[in-house]
Amino acid sequence: MSDISIYLLSVVGVVFLLVVIELVLPDSKVSKYIKSIYSIFIVVVIITPLAKLIKSDWDWNNFFNDTNYTINQNYIDNVNAQNVENLEREIEEYINKSYEGAKVSISADFINQELKLNYIFVDLSDLGIIENSQHINYYTAVKELVGNLVSIDEKRIIVYG
């Protein structure tokens, strides 16, 4: 048994004894004194190991040494994929405020839990042309929009369609 298990069992045992004594003792003036002495004893039982921890060098790794933790890589990959999908949706909504019909996909890697954008692909094949803005170069305009939203080199923003 670990030290923490022993500590918790001793606290539970002392409290259990207090409950038993309270049930056995009749209601009188003496029982009040016994209960107060026993309450002081409970406080001492609870505080004693804490004083020992404060005086010694406490290592949190020893606290968790009985438990094995494993990283579920599938879960992390799913969360990362969801983050990329959310970013795609956000960029798509941002572009569609100005030019409707754009579709966005992202090529990204996760290095040390950090998202690194490789490329952002913007498909303008379903783009609706507005009458007054027929002579706009949509490719550079969309690149500027995406560049304003996400800090990535414009060479990595690929607009096609």
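Restricting region 18-44 to residues that are over 21 Å from Tyr7 (Cα atoms) and among the polar types (S, T, N, Q), the residue that is modelled with the highest pLDDT is Ser36. Looking at region 89-118, which of its residues are surrounded by 14 or more Cβ atoms within 10 Å (Cβ to Cβ) and either under 16 Å from Ser151 (Cβ atoms) or among the β-branched types (Val, Ile, Thr) (or both)? Listed by number, the residues that qualify are Ile91, Tyr94, Ile95, Val104, Ile106, Ala108, Leu117.
The values are calculated or read from the model by the stated rules, or taken from the named source; none is laboratory data. The shown structure was predicted, so the numbers you read here are calculated from the model rather than taken from an experiment. Note that we place each Cβ from the backbone using ideal geometry, even for glycine, and neighbour counts take in every protein chain shown.
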